[in-house]
Amino acid sequence: MKGAWRTFEAIAGGMLVLMFLAALMSVRYQAPQAEPGQGRSALASAFGEPEFRELASGMNATGIRALVESRGLTAGYNVSVRVCRQGGQCAGSLPGGENAWASSVLVSGDGSYSPCEVTLYIYR
Amino acid sequence: MKGQYFIIGSLLICILLFFGFPPEVAVRSGSSDDLDFLASGLASEFPRALNAGINSSSPAAVLGNFTVFSRQAALARGINLTCLWLVFERHGASMNVSAGNYMGHPVTVGINLSGAYAAVYAGADAVNSTAIGISGYWSNLTVAVGQESAQGALLHNKTSVYASFYVTRGDDTVRIEILA
C-alpha cells in the first residue's frame with residue numbers, strides 16, 4: 001500500500017517537473033487550426049492565369065509566389081511555394097510557423113509534356 | 001532501496017506520457033473541400049495532358065504517365081485516386097480507342113459509337129486498344145463499365161478523351177467525368 005502511494009506521488013512529482021521544464025523551454029503544443037480556405041482560393045485564382053503554366057514548367061517558385069500574392073487572397077498569412085517534378089526534383093521552400101495549410105495543383109506541362117506539382121503553403 | 005525502483009518506474013511512465021505530443025509543427029492538408037479541388041484540377045488538366053501527348057504523337061502513353069504521376073501526388077496527401085480513361089483517335093473510317101485502366105482491378109469497358117459496339121478488356125494499371133468503324137462527323141458515345149454508364153457526343157475530326165475519376169479519402173469520395 002505504501003509503495004502504491006509512493007508511485008502516485010512520484011508520478012505527480014515527475015509530471016510537475018516535466019511541465020515546468022516544458023514551460024521553461026517555451027515548447028507549446030496546440031492542435032492545428034481549422035482550414036482557412038484562402039490558400040486554395042489563391043492557388044485556384046493563380047492557376048487560371050496564362051503565365052502560371054509557364055512559371056510551373058520553368059520551376060519558378062518565386063514567380064508563382066509573387067503571382068499568388070498579387071491576388072490579395074492570402075493577406076494575414078505567410079506564403080511559400082514548392083514546385084516538384086515527377087522525378088522528385090523540387091524548387092521553392094517549405095513553410096515555417098506553427099500552423100501551415102497546403103494546397104496543390106498538378107500541371108501537365110506548357111505545350112510539351114513535363115508534369116509537376118505546385119504546392120502552396122500558407123502559414124502563421 | 002525499494003522506493004528507488006518505484007521512483008524510476010514512475011519517471012518512465014511520465015516520459016511515456018510525454019511521448020504522445022508531436023515534436024514537430026503539424027502541416028494540415030486534410031479537409032472535405034480538397035477532394036473537390038483535386039478532382040476539378042484533374043478534370044481541367046487531363047485535356048491539356050492529352051494535347052501534350054498529341055504533340056509528341058503518343059497521347060495514350062502520356063496520359064498513362066500523367067495518371068501515375070497524379071496518383072502518386074494524391075497518395076502523398078492521403079488521397080486515393082483511381083481512374084479510367086479512353087482516348088479516341090480517328091484513323092480513316094475507324095476510331096481507334098485506347099482504354100487506360102487505373103481502377104485498381106481489371107475491367108471490361110463497353111463502347112458504343114452510334115450502334116457500333118466493341119468491348120475492351122484492360123488489366124489493372126494497363127492500357128488496351130481496339131478499333132470501331134465510324135461514319136459521319138460525330139457519334140453518340142456510350143461508355144459502360146459494370147453497372148455504370150455514361151453518354152455524350154463524340155466528334156470524329158479531333159482526338160478526344162473520356163475520363164472518369166474517383167478521388168477518395170476514408171468514407172468521402174468525389175467522382176468526376178469529362179469528355180473533351
Any chance region B:130-143 includes a residue that's buried (at least 18 other Cβ atoms within 10 Å of the Cβ), closer than 20 Å to B:Ala52 by Cβ and within 17 Å of the chain's Cα centre (by Cα)?
no
So which pairs qualify, if the first residue must be in region A:69-89 and closer than 12 Å to A:Val118 by Cα, the second must be among the basic types (Lys, Arg) and outside any strand (DSSP E or B), the Cβ gap must be under 6 Å, and the two must be at least 6 apart or on different chains?
A:Val81/A:Arg65
Do you know which of the residues in region B:14-35 that are at pLDDT 75 or above and surrounded by 15 or more Cβ atoms within 10 Å (Cβ to Cβ) is farthest from the other protein chains (Cβ to nearest Cβ)?
B:Leu35
If B:Tyr137 satisfies all but one of (1) touching a residue at least 40 places away in the same chain (Cβ under 8 Å); (2) out of contact with any Phe, Trp or Tyr (no Cβ under 9 Å at 6 or more places or on another chain); (3) more than 14 Å from every other protein chain (Cβ to nearest Cβ), what's the number of the condition it fails?
(1)
Over region B:62-115, the set of residues in contact with a Gly (Cβ under 8 Å, 6 or more places away or on another chain), free of Cβ contacts under 8 Å to residues at least 60 places away in the same chain and among the small types (Gly, Ala, Ser) is B:Ala93, B:Ser94, B:Gly100, B:Ser114
Which of (1) in contact (Cβ under 8 Å) with a residue 24 or more places away in the chain; (2) under 14 Å from A:Ala44 (Cβ atoms) is the odd one out, the single condition A:Pro95 does not satisfy?
(2)
One residue is enough: does region A:54-70 have a residue meeting the conditions within 13 Å of another protein chain (Cβ to nearest Cβ) and within 19 Å of the chain's Cα centre (by Cα)?
yes
Tell me the residue from A:Glu49, A:Glu54 that is surrounded by fewer than 22 Cβ atoms within 10 Å (Cβ to Cβ), closer than 21 Å to B:Arg48 by Cα and in contact with a Leu (Cβ under 7 Å, 6 or more places away or on another chain), please.
A:Glu49
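Rundown of residues vs (1) surrounded by 18 or more Cβ atoms within 10 Å (Cβ to Cβ); (2) closer than 27 Å to A:Pro50 by Cα, yes/no style:
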site	(1), (2)
B:Asn55	no, yes
B:Ala61	no, yes
B:Phe66	yes, yes
B:Leu75	no, no
B:Thr82	yes, no
B:Leu86	yes, no
B:Gly92	no, no
B:Val97	yes, no
Scope region A:57-68; condition within 11 Å of A:Thr119 (Cα to Cα) and out of contact with any Phe, Trp or Tyr (no Cβ under 9 Å at 6 or more places or on another chain); matching residues:
A:Ala61, A:Arg65
Residue that is nearest to the other protein chains (Cβ to nearest Cβ) [pool: residues in region B:36-52 that are without any contact (Cβ under 8 Å) to a residue 12 or more places away in the chain and out of contact with any Ser or Thr (no Cβ under 8 Å at 6 or more places or on another chain)]
B:Gly41
Filter region A:98-124 for residues that are surrounded by fewer than 15 Cβ atoms within 10 Å (Cβ to Cβ) and facing another protein chain (nearest Cβ under 9 Å); which is modelled with the highest pLDDT?
A:Ser112
Candidates A:Val83, A:Val68 - the one that is at negative phi and at pLDDT 95 or above
A:Val83
Restricting attention to region A:1-38, the residues that are part of a loop (DSSP other than H, G, I, E, B), at pLDDT 70 or above and closer than 22 Å to A:Val79 by Cα number exactly 1
Can you pull out every residue in region B:55-70 that is under 14 Å from the mean Cα position of the chain (by Cα), of a type in the set (Ser, Thr, Tyr) and facing chain A (nearest Cβ under 9 Å)?
B:Ser70
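The values are calculated or read from the model by the stated rules, or taken from the named source; none is laboratory data. Predicted, not measured: the structure shown is a model, and the values here were computed from it. Using ideal geometry, Cβ is built from the backbone for each residue, glycine included, and neighbour counts are taken over all protein chains shown.
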